[in-house]
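Since the structure comes first, as structure tokens, the remarks are kept for the end.
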Amino acid sequence: MSQRDSTVSGLSGQDWTPLNFQVPGSARVYDCLLGGKDNWDSDRRLVERLEKTLSTLDLMAHENRAFMERATHHLVRNHRITQFLDIGVGLPHGPNLHEVAQGANMDSRVVYVDNDIHVMAHARALLQGGLPGHLGYLVGDLTKPQEILDAPEMGVLELSRPVALMMLNVLDQIDDDDDPWSNAKVLMDALPSGSYLVVSHLGADFYPDQMHEIAIVCRAEGLTLAPRTHDEVARFFHGWELLEPGVIPVMEYWQDGDEDERGFTATYWAGVARKP
């Protein structure tokens with residue numbers, strides 16, 4: 001395949017770690033919260049346990065997904081962005097980002113990135129419906145941003161033109177010790193002026209006690225979860241022009257109608273910024 005073909009890396013020529021059906025996975029847990037079918041008993045048991053601590057987890061997942069749709073549509077329609085780099089895409093769950101973007105402008109191009117090779121297997125079906133040369137999907141990790149930038153699948157995008165860097169529900173899966181701010185900055189620095197950063201992030205200051213407990217339970221299951229405060233999330237936008245209305249609850253961001261007074265229950269911070 002050429003760089004302009006739809007591509008999936010990592011599905012061949014790379015060792016596969018055997019699946020352990022007794023251990024939950026972050027992508028499958030999220031799929032469970034969205035009402036999907038690509039999850040196992042271990043994932044569902046963890047979700048049930050977490051929902052005893054915070055009953056709005058499924059609402060959070062759905063509102064985070066709705067924010068992706070609103071942000072993508074807004075950037076294509078109002079800011080003429082037709083290139084997207086989606087970090088931590090997870091399991092396909094329609095409508096997918098490329099479906100939203102190409103629905104607004106059929107020439108839109110998307111590169112999907114995830115660090116789970118088993119999640120990547122589902123990308124085969126996801127990519128079948130894409131326009132030739134407009135989609136790429138690669139195994140990559142936000143803690144190794146330069147490897148993402150150097151991957152051949154990045155040839156789907158033209159980095160001389162603005163790109164929307166989508167980091168939804170992924171930065172909160174990286175510990176402070178791995179410095180997600182610096183890793184995100186590597187990707188941000190590689191993008192040209194006029195690019196956009198879209199972030200949603202689990203908030204530590206919505207329900208502090210519950211968030212702390214959820215993080216402890218997830219870590220006991222081998223899943224990293226790092227909820228952060230409003231100010232910590234705002235740091236990701238440093239040096240870029242934060243769009244109105246700033247960093248606010250995800251349910252309230254770019255709603256077509258009145259702001260939802262239940263926004264606080266979504267427990268995600270969301271924001272969008274433009275590179276000057």
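A short reminder: the numbers here are calculations on the coordinates, not readings from a lab. Given the structure is predicted, the values throughout are model-derived calculations rather than measurements. Glycine also receives a Cβ, built like all others from the backbone with ideal geometry; neighbour counts cover every protein chain displayed.
Computed values, structure above
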| quantity | calculated |
| --- | --- |
| 10 Å Cβ shell holding at most 12 others, DSSP loop, chymotrypsin sites (Phe, Trp or Tyr not before Pro): longest site-free stretch of the chain | 22-276 |
| Set of lysines with alpha-carbon distance to Lys144 below 18 Å, sequence-local pairs under 8 removed | Lys185 |
| Under 22 Å from the Cα of Lys37 - lysines, other chains or at least 8 residues apart | Lys52 |
| From phi via Karplus (6.51, -1.76, 1.60), per-residue ³J(HN,Hα) for the range 150-163 in Hz, x at Gly/Pro | 8, 5, x, 5, 5, x, 4, 9, 9, 6, 7, 10, x, 10 |
| Cα-centred dipole magnitude for the chain, charges only on beta-carbon of K, R (+1) and D, E (-1), debye, nearest 20 | 720 |
| Net charge, Ser200 excluded, C-beta distance under 10 Å - Lys, Arg +1, Asp, Glu -1 | -1 |
| Amide hydrogen neighbours beyond the local backbone of Ile248, cut-off 5 Å, H modeled | Ala270 |
| Residue range of the chain that is longest and free of trypsin sites (Lys or Arg not before Pro) which are both DSSP loop and sparsely packed (at most 14 other C-beta within 10 Å) | 81-261 |
